[in-house]
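Here's the structure we're looking at; comments come further down.
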Amino acid sequence: MYKKITIKCKFRILGVEGIVGRYRRRSTAASPTLFQCTIAQMEIAGVISSSKTAFSDRALSPFSLNCSRVSSFSFQGCRNLRFTDIFCASKTKLNVSCSVGVEAPDKISPMPFLNHKETRSLQFVKYHGLGNDFILVDNRDAIEPKITPEQAVALCDRNFGVGADGVIFALPGTNGADFTMRIFNSDGSEPEMCGNGVRCFARFIAELENLTGKHRFTIHTGAGLIIPEIQDDGKVRVDMGEPILEASKVPTRLSPNKDGSVVKTILEVDGLPWNVTCVSMGNPHCVTFGISSGEDLQLDELNLAEIGPKFEHHAMFPARTNTEFVQVLSPTHLKMRVWERGAGATLACGTGACALVVAAVLEGRASRSCRVDLPGGPLDIEWSEDDNHVYMTGPAEVVFNGSVPL
């Protein structure tokens, strides 16, 4: 039989004290005793041979354990270790003295996912969806975000913080959903939802829940219920729901001109008449294919930093707006640049890609299934005739994980 005994080891390693380990051995003589413990991020494991039977089922008496024979030993963290004053769970003293010198391995194995914990710090994993990058926070133990919008602004700073387009929180599910997603933009504002962010969210949940292969779950967002599905190839297909076209619900103050919606109407920006179509994917979008003169947009020549804010803060958009500037390459191939509300120019916008396909169909420029090229890479978008839902498929990748002091 095996006897498990929990011991407390007082030790000193580079000025750090305190450890909990376990001995497990047969109650027969000369059998090996397995010792393993964890010191912060440092792991120690070794097989120590002893001829003592103090760990038998019948007796726990004082003894001296000879640690001179170590048949295997692995160590991470520092080079020298000394144990003194080891006590077993029954308070029987074990007189142990062990001094071991080891060389740290050339390669340290990676930390377990989100295993590094510090006081007054925030653990996170950074993801990106086609370069649209986010700080993901495991917030499943609380219904409110762990940080404030002001702290999110500091974290998103690309010079003095982690750097990101926003901070996304994975919260407990509400209204029957598996999880809830909230986002703070890099300017501290809170959008209803984010398409690239929801793909990153799905991959983050899969890591937290140790899921592999194909999985789908429901996410409650400010834009309603969103259903992502992780594919076998690692990409994420997201049911983004139905587009909202009614002008007052986008919202926009532009006058409806087609069944209550705004399709290819004139919006004057910076002294120029732009043709725009307004779509909401749970968040507002203004899609333009160019000015009313009929000239196609040349996206590479567009001064996005100058024109983008003028659309975002235009009086016709009471909740501000995301703006997509689109070039049609073919009826199934579109190219876009985006100015995101609250984040500025980004490399990709998932809801924007969905909105522009809807707008392109409404204006008669494209089919319902398109490849959309963004600065960060392509997304596949389908506006289904069967259920009127928009489906987005694209990647989401881990960048790194870490912790920051608060």
Checklist outcome for this item: Within segment 139-182, DSSP-loop chymotrypsin sites (Phe, Trp or Tyr not before Pro) with at most 10 other C-beta atoms within 10 Å are F160
Checklist outcome for this item: Kirkwood Rh over alpha-carbon pairs of segment 150-234 plugged into Stokes-Einstein at 4 °C, 1.567 mPa s gives a D in µm²/s of 96 µm²/s
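When the expected Rg is taken as 2.2 N^0.38 Å, what fraction or multiple of it is the alpha-carbon Rg of segment 292-406?
1.17
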Checklist outcome for this item: Cα extents of segment 271-359 along the principal axes, largest first, in whole Å, come to 32, 29, 21
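Could you give the C-alpha radius of gyration of segment 344-406 expressed as a fraction of 2.2 N^0.38 Å, taking N as the number of residues it contains?
Segment 344-406 yields a ratio of 1.43.
Mind running the shape call on segment 177-290? Use the C-alpha gyration tensor, a ≥ b ≥ c as the square roots of the eigenvalues: rounded below 1.5 for a/c, prolate if a/b tops b/c, oblate otherwise.
The shape class here is prolate.
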Checklist entry - Per residue, how many Å² of accessible area does segment 197-337 show with a 1.4 Å probe? => result 44 Å²
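Rounded to the nearest 20 Debye, what is the dipole magnitude of segment 315-406 about its Cα centre when Lys and Arg each give +1 and Asp and Glu each give -1 at the C-beta?
Values: 7 positive and 10 negative charges, 79 e Å.
Computed about the Cα centre, the dipole is about 380 debye.
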Checklist entry - How high is the relative contact order of segment 206-311, given as a whole-number percent (alpha carbon pairs under 8 Å, six or more residues apart)? => result 16 percent
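Quick check: with the 1.4 Å probe, what order do I135, I227 take by accessible area, largest first? Walk me through the intermediate numbers first.
Values: I135 0, I227 35 Å².
My answer, sorted largest first, is I227, I135.
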Item to check | Set of segment 373-406 residues, backbone N closer than 19 Å to the point 7 Å along the Cα-Cβ line of T212 | outcome: 398
Item to check | Hull volume in cubic angstrom per residue (convex hull over the Cα atoms of segment 116-189) | outcome: 109 Å³
Checklist entry - If contacts are Cα pairs under 8 angstrom and at least 6 residues apart, what is the relative contact order of segment 190-266 in percent? => result 20 percent
Checklist entry - If the viscosity is 1.567 mPa s and the temperature 4 °C, what Stokes-Einstein diffusion coefficient in µm²/s follows for segment 203-354 when Rh is the Kirkwood radius over Cα pairs? => result 77 µm²/s
Checklist entry - For segment 286-316, which GluC sites (Glu not before Pro) are both in a DSSP coil and crowded by at most 14 other Cβ atoms within 10 Å? => result E295
Checklist entry - To the nearest Å, what is the center-to-center distance of segment 260-298 and segment 157-202, using C-alpha atoms only? => result 28 Å
Checklist entry - Going through segment 149-199, which trypsin sites (Lys or Arg not before Pro) have at most 12 other Cβ atoms within 10 Å and a DSSP loop state? => result R158
Checklist entry - So, with a 1.4 angstrom probe, what is the percent of accessible area on segment 178-279 that is carbon and sulfur? => result 43 percent
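How much length, in nm to one decimal, is gained on full extension between S248 and D387, taken as 0.36 nm per residue of separation minus their Cα-Cα distance?
Contour length minus Cα-Cα distance gives 47.7 nm.
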Checklist entry - Of K146/K335; K235/K258; K235/K335; K126/K335; K126/K264; K235/K310, which ones are farther than 29 Å apart at the Cα? => result K146/K335; K235/K258; K126/K264; K235/K310
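The values are calculated or read from the model by the stated rules, or taken from the named source; none is laboratory data. Predicted model, so just to flag it, every value in this text is computed and none were measured. FYI the Cβ positions are ideal-geometry reconstructions off the backbone, even for glycines, and counts take in every protein chain you see. Remember, those area values only see protein heavy atoms, side chains included, never the ligands or the DNA or RNA. Shrake-Rupley method; radii C 1.70, N 1.55, O 1.52, S 1.80 Å.
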